[in-house]
Amino acid sequence: MKKYFVTGIGTDVGKTVISAILTEALEADYWKPIQAGDLNQSDSITVKGLVSNVNSVFHTEAYQLTQPMSPHAAAEIDNIEIDVAAIELPQTNNNLIVEGAGGLMVPLNDKMLIIDLVKALNIEVVLVSQNYLGSINHTILSIEALKSRGIKVAGIIFNGASNSVSEKYILDYSGLPCLGRIKQHDQVNKQVILSYKKEFENV
């Protein structure tokens, strides 16, 4: 079974849309370990609303935090501490898509970051990149951080407006494969997610 941790080079680069596409394409289960804020319209609820297949199971978050901010700060407001060692992958015989919160260096508590959770879960990473001024730097820094911790990276998915020069540099420098590209969409719905199924079903 395929298990991927979907992370991004920063916040709002399209992790949730990519997670929905991969969940649909692989008819995988979906799990977001930590949700910070928007509990009435969480990423789990969003992805569930975008997925059409009936095989995907949506697993409950390990931590549901009430404030839309960095998990360590949101947890402090909620008077809890995130225990990375207590977060375990859901038991499933299906493919599994795990969605992170923000980028790799987002803090979970005083000592642990999202990247430490990825390492602890021992799961392969799909890195979401988006083209903007500085994105080459952010993408390569993310890759270097993953490699330095011995975390396997399946490849990169580029989301949004294409920039062939930036994308070629990132791929050539990192040696990682491009798993696919997502176009810029004014609105994302089930039909948009389904339109990528064939492209990503063998990821």
Looking at the chain as a GNM with Cα springs under 10 Å, which of ILE114, ILE157, ILE80 has the largest mean-square fluctuation? ILE80
Under unit Cβ charges (Lys, Arg +1; Asp, Glu -1), what dipole magnitude, rounded to 20 debye, does region 10-116 have relative to its Cα centre? 220 debye
What is the sum of charges around TYR196, taking Lys and Arg as +1, Asp and Glu as -1, for the other residues whose C-beta is under 12 Å from the C-beta of TYR196? +2
In whole percent, what relative contact order does the chain give with Cα contacts below 8 Å and a gap of six or more residues? 28 percent
Under the helix-only model (-39500 (n - 2.57) for each DSSP H run of 4 or more, divided by the residues of the chain), the mean residue ellipticity at 222 nm, to 500 deg cm²/dmol, is -9500 deg cm²/dmol
Less than 12 Å Cβ to Cβ from SER44, Lys/Arg counted +1 and Asp/Glu -1: what total charge do the surrounding residues give? -3
Could you give P(r) for region 50-113, binned at 10 Å from zero, as whole percent values over all Cα-Cα pairs? 18, 45, 27, 10
Positive end of the charge dipole of region 3-200 (Lys, Arg +1 and Asp, Glu -1 on Cβ, about the Cα centre): tell me which of THR46, VAL125, PRO90 has its Cα farthest that way. VAL125
Report, in debye and to the nearest 20, how large the dipole of region 3-200 comes out about its Cα centre when Lys and Arg carry +1 and Asp and Glu carry -1 on their Cβ. 680 debye
Counting pairs of alpha carbon atoms under 8 Å apart in space and at least six apart in sequence, what relative contact order in percent does region 25-135 give? 29 percent
With Cβ to Cβ distances under 9 Å as the rule, what net charge do the other residues near THR7 carry (K, R +1; D, E -1)? 0
Can you tell which of LYS152, LYS32, LYS15 shows the greatest fluctuation in a Gaussian network model of the chain with Cα springs below 10 Å? LYS152
Which residue fluctuates most in the GNM of the chain (Cα springs below 10 Å): ALA62, ALA86, ALA75? ALA86
Apply the Debye scattering formula to region 3-200, with a single equal point scatterer on each alpha-carbon and no solvent, then give log10 I(q)/I(0) at q = 0.12, 0.15 Å⁻¹. -0.56, -0.90
May I ask you to list the aspartates and glutamates whose Cα is less than 19 Å away from that of LYS168, ignoring any residue fewer than eight positions away on the same chain? GLU144
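Readers should treat all values here as calculations from the given coordinates under stated rules, not as data from a laboratory. As the structure is a computational prediction, the values presented were derived from the model and not from experiment. All Cβ positions, even for glycine, are placed from backbone atoms using ideal geometry, and neighbour counts span all protein chains on display.
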